[in-house]
Amino acid sequence: MSYITGVGLTSYGKHEGLTSLDLMSMAAELAIADAGLARADIDGILCGYSTVSPHIMLATVFAEHFGIRPAYAHAVQVGGATGLAMTMLAHHLAEAGVVKHVLVVGGENRLTGQSRDASIQALAQVGHPDYEVPLGPTIPAYYGLVASRYMHEYGVTQEDLAEFAVLMRAHAATHPGAQFREPITVTDVMASKPVALPLKLLDCCPVSDGGAAFVVSRDRTGGTGVRVRGCAQAHTHQHVTAAPRLSELGAEIAISKAKAASGVAISDVRYAAVYDSFTITLVMLLEDLGLASRGEAAARVRCGYFGRDGEVPLNTHGGLLSYGHCGVGGAMAHLVETHLQMTERAGKRQVRDASIALLHGDGGVLSSHVSMFLERVR
Amino acid sequence: MSNARADWTTGHEAILYQSCGTCANVQYFRRGFCAACGGSDLVEKRASGEGRVYATSLVCRAATPETRAHVPYNILLVDTSEGFRMMAHGDNNLAIGEKVTARFTQFAGGLVPYFERAKNFERAKRD
């Protein structure tokens with residue numbers, strides 16, 4: 001058994017002058033305090049990576065900088081799925097008795113630490129160096145390819161995709177830490193600049209500076225406990241050229257294993273935190289996870305299903321699309337928001353009942369997947 | 001597999017793939033073994049350049065000065081008639097499912113495969 005005992009999150013956007021270590025430290029400090037712990041209580045550290053400041057031993061670089069001498073520490077790299085993959089590992093480490101309190105941390109000055117072109121170029125390198133990268137694809141192009149096929153097979157339209165950008169923006173409008181809070185409409189999304197069609201600028205998450213952290217513990221430290229009920233991964237490929245058919249992607253495999261591991265059904269889920277690097281990512285994952293039937297996710301947005309007051313509120317902080325995306329920390333913000341909702345500390349964003357949450361992360365081009373169920377215990 | 005491959009990735013006008021003599025799997029990303037069965041009985045073959053469009057994305061925002069000179073360019077995933085999938089460039093107006101044929105073109109300082117609508121397919125549509 002393990003619990004998420006504390007969370008910390010910076011605002012996302014521009015943090016001029018701050019380094020990746022600064023942003024990681026800020027979030028770590030908040031998370032440890034939130035758990036009611038001191039630095040000395042942390043005996044494990046898991047961290048992600050920074051594309052701005054790459055290092056072969058980032059966990060110990062951070063531990064030294066932050067002032068911790070952990071019994072267990074290393075970095076984890078699974079692209080966008082890193083945050084949940086670290087949480088899954090922390091859960092197993094805590095359950096196995098290897099550590100008592102694992103600090104999971106990610107942060108990067110991805111926006112101000114390098115040019116936007118450098119970011120786009122660094123990320124495009126997830127493509128195959130011989131068979132894909134020479135063709136000049138970008139991350140939006142990899143997802144644009146998947147989007148074109150998904151739209152073709154399931155009759156999803158660009159307007160359908162746009163609904164998710166609008167929803168995430170509406171949610172971000174109520175969070176002071178979000179990078180983009182100006183309301184947008186489907187018309188705005190449709191009229192935004194083409195990036196890699198069918199994806200346009202507002203279908204894509206921004207590049208941000210920010211940091212996020214949480215503490216995963218063997219025992220509860222506060223009043224309301226947020227317990228990791230069960231989780232699972234699936235990895236089907238790295239490169240989009242080698243991806244299986246749409247019906248065999250890893251999200252369906254991971255969620256099926258996570259349901260078996262936790263005994264939770266999709267109908268039990270009261271809150272969802274789903275990776276949303278692009279609008280198409282969110283549509284596909286929601287439908288793969290079973291939170292909407294095939295081709296129906298947009299219809300559910302239109303009837304308020306995923307809104308704050310809907311049946312399954314989704315990414316109430318605004319997601320990667322509007323809260324922002326600083327790399328590893330990006331999707332960790334989803335878990336931070338989930339924790340705030342489950343412990344009823346989300347203020348004016350508070351949903352009615354976040355007793356059971358489903359989180360899902362995706363790395364690469366729908367390559368690596370982590371599904372996780374969290375449960376509130378009083 | 002130490003010999004240099006003579007395909008578009010090394011500047012030669014050819015699309016190569018590997019066929020497994022043990023399990024008949026075909027693979028596009030070149031390796032010293034079959035990724036399906038682990039066998040080493042691989043035969044390198046030259047693809048016909050024919051296929052069907054599986055997916056498309058028109059890149060309008062590129063990240064480097066070399067690629068920016070080419071926007072917009074259409075990136076495709078093509079299911080070849082030999083049974084493997086590959087990434088390539090192609091005509092901007094191609095639709096998913098269309099039959100295509102490969103030629104080669106220069107892009108950002110290198111040679112890349114470029115698919116256009118198959119000629120016989122166009123004729124078949126007109127007739």
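Both the radius of gyration and Dmax for chain B are 15.9, 49 Å, in that order, over alpha-carbon atoms.
Counting Cβ atoms of other protein chains within 10 Å of each residue's Cβ and taking the mean over peptide B:28-36 gives 2.
Per-residue shielding of A:191-201, expressed as the average number of other chain Cβ atoms within 10 Å of the residue Cβ, stands at 4.
Per-residue Cβ counts within 10 Å, from other chains only, averaged over A:120-131: what number is that? Don't jump to the answer; show the numbers that get you there.
Details: counts 4, 4, 1, 1, 4, 0, 0, 1, 4, 1, 7, 9.
Average neighbour count from other chains, rounded to a whole number: 3.
Partner lysines whose Cα lies under 24 Å from the Cα of residue B:99, excluding those fewer than 8 positions away in the same chain, are identified as B:45, B:119, B:125. The packing ranking, built from the mean of other Cβ atoms within 10 Å per residue, places the peptides A:202-211, A:119-128, B:88-97 in the order A:202-211, A:119-128, B:88-97, highest first. Scaled to the globular estimate 2.2 N^0.38 Å, the Cα spread of region A:72-187, given as radius of gyration, is 1.41.
Just tell me which lysines come within less than 29 Å, Cα to Cα, of residue A:257; anything on the same chain fewer than 8 places away is out. Excluding near neighbours in sequence, the set is A:100.
Here's how it looks for residue B:107: its modeled amide H is under 5 Å from those of B:112, which are all 5 or more places away or on a different chain. A simple packing score, the average count of other Cβ atoms within 10 Å per residue, orders the peptides A:326-335, A:247-256, A:84-93 as A:326-335, A:84-93, A:247-256, with the highest score first.
Amide H contacts under 5 Å for residue B:42: B:21, restricted to partners 5 or more places along the chain or on a different chain, H placed in the peptide plane at 1.01 Å from N. Ordering A:7, B:6, A:128 by the projection of their Cα atoms onto the charge dipole of the protein assembly as shown, which places +1 on the Cβ of Lys and Arg and -1 on the Cβ of Asp and Glu, puts A:7 at the extreme positive end. For residue B:7, the residues 5 or more places off, or on other chains, whose built amide H falls under 5 Å of its own are B:12.
Just the number, please: percent antiparallel of the DSSP beta bridges in chain A, rounded to the nearest 5.
Details: 38 of 52 bridges.
Looking only at bridges with both residues in chain A, the antiparallel portion is about 75 percent.
Once the other residues with Cβ under 12 Å from the Cβ of residue A:182 are scored (Lys, Arg +1; Asp, Glu -1), what is the net sum?
Working: positive: A:169, A:181; negative: A:188.
After counting each charged neighbour, the total is +1.
Charged neighbours of residue B:75, selected by a Cβ distance under 14 Å, balance to +1 (K, R count +1; D, E count -1).
What does the charge count around residue A:378 come to, taking other residues whose C-beta lies under 14 Å from its C-beta (Lys +1, Arg +1, Asp -1, Glu -1)? Before the final figure, lay out each step's value.
Values: positive: A:220, A:227, A:376; negative: A:344, A:353, A:375.
The answer is 0.
Hey, could you get me the Stokes-Einstein D for chain A, Kirkwood radius over alpha-carbon pairs, 25 °C and 0.890 mPa s, rounded to whole µm² s⁻¹? Kindly include the intermediate steps, with their values, before the conclusion.
Numbers: Rh = 20.1 Å.
Result for D is 122 µm²/s.
Rule-based calculations on the coordinates, nothing more; no lab input. Only a predicted model underlies this, so the values are computations on that prediction, with no experimental measurement involved. A quick note on method: Cβ atoms are made from the backbone with ideal geometry, for glycine too, and the neighbour counts reach across all protein chains shown.
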